[in-house]
Amino acid sequence: MHADNWANKAKQEGYRTRAVYKLDEIIQKTKVLKKKQNILDLGSAPGGWSQYVKKKSPSSEIFAIDILDMEPLDGVHFFLKSIEQINEIDQIHSIKGSFGLVISDIAPNITGINAVDIENIYELNCLTLDTAVEYLDKSNGSFIMKTFQNSMLKNLRKKMELSFKIVQTFKPAASKKQSGEIYLYGAYK
Ligand SMILES: C[S@@+](CC[C@H](N)C(=O)[O-])C[C@H]1O[C@@H](n2cnc3c(N)ncnc32)[C@H](O)[C@@H]1O
């Protein structure tokens, strides 16, 4: 399906972004969304993924952060903060280790200088991974993170394999083929 069709489908179904269909495909395949869990959405604005997880799992507690503001969503606790500042958010910090699912669609600003972009993506992904490991429930937590196909991807995957029992790579149908974007999934069980 063409990107415009995913966008139209999102509009029809009342979602803020077509990015929900990327998350939907990974969630359908991994079955990680439970009836009731604490969910952390990193880089959440404008709110498509938060909207999706709240709709599919209404009893879950959703915590979302972004450096850009986000229109309020019923049942989603949003914080205008960078991932670097997550430990300053008491409501999230106080339940560290209880999250069943951490999702991250964060992407750094692209400079156009390939080597710099690859380094920036890797650093932000490592920070996101460390954050997820810190906040997830180690008995059954799962993690979904956006990254890009580049020369550091193998290193990133290896780093994920040190933390998670299961690690998989997904290129959802709703993700533009030419974008280079892919998603890594990690699970403790
Ligand atoms: C592709 S968008 C997320 C779209 C979202 N999944 C949705 O469906 O609405 C990526 C987001 O990551 C955010 N972001 C980038 N760097 C960040 C950081 N250091 N901390 C928190 N959010 C960040 C951007 O502001 C942007 O809103």
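No value in this document is a laboratory result; all are computed from the given coordinates. Note that the coordinates shown come from a computational prediction; the quantities given were computed from them, not determined experimentally. Neighbour counts run over all protein chains shown; Cβ positions are idealised from the backbone, glycine included.
Taking amide hydrogens as placed 1.01 Å from N in the peptide plane, the amide H of Ser104 sits under 5 Å from those of Leu42, Ile144, Met145, Lys146, each at least 5 positions away in sequence or on another chain. Backbone amide hydrogens, once placed in the peptide plane, bring Ala64 within less than 5 Å of Asp41, His77, Phe78, Phe79, excluding anything fewer than 5 places away on its chain. The mean sequence distance of close C-alpha pairs (under 8 Å, at least 6 residues apart), as a share of the length of the chain, puts its relative contact order at 20 percent. Looking at the chain, the DSSP beta bridges with both ends there are about 40 percent antiparallel. The HN-Hα couplings worked out from phi for segment 150-155 by the Karplus form 6.51 cos²θ - 1.76 cosθ + 1.60 (θ = phi - 60°) are 7, 5, 9, 4, 4, 4 Hz, whole numbers, x standing for Gly and Pro. Counting charges near Tyr188 (Lys, Arg +1; Asp, Glu -1) among other residues having Cβ under 12 Å from its Cβ returns a value of +2. When the chain is treated as a Gaussian network with alpha carbon springs shorter than 10 Å, the biggest mean-square fluctuation among Ser151, Ser175, Ser57 belongs to Ser151.
Mean-square fluctuations from a GNM of the chain, with a 10 angstrom spring cutoff on Cα atoms, peak among Asp105, Asp66, Asp74 at Asp74.
With both labels modelled 7 Å from their Cα along Cα-to-Cβ, the Gln178 to Leu68 distance reads 2.1 nm.
Would you be so kind as to identify which of Ile182, Asn109, Thr131 lies farthest towards the positive end of the dipole of segment 82-189, taking Lys and Arg as +1 and Asp and Glu as -1 on Cβ and the Cα centre as origin? Most positive-ward Cα: Ile182.
Scan around Thr17 for amide H atoms under 5 Å from its own, H built in the peptide plane at 1.01 Å from N, and keep only partners 5 or more places away or cross-chain. For Thr17, whose amide H was placed from the backbone, the distant partners under 5 Å are Gly48. The HN-Hα couplings worked out from phi for segment 66-73 by the Karplus form 6.51 cos²θ - 1.76 cosθ + 1.60 (θ = phi - 60°) are 7, 7, 9, 5, 9, 4, x, 10 Hz, whole numbers, x standing for Gly and Pro.
What net charge do the residues around His93 carry, taking every other residue with its C-beta under 14 Å from that of His93, with Lys and Arg at +1 and Asp and Glu at -1? Around His93, the charge tally is -2. Using only side-chain charges placed at the Cβ, +1 for Lys and Arg and -1 for Asp and Glu, the dipole size of the chain relative to its Cα centre rounds to 1040 debye. In order along segment 118-127, the phi-based Karplus estimate (6.51 cos²θ - 1.76 cosθ + 1.60, θ = phi - 60°) of 3J(HN,Hα) comes to 4, 5, 5, 4, 4, 4, 5, 5, 5, 5 Hz; Gly and Pro are listed as x.
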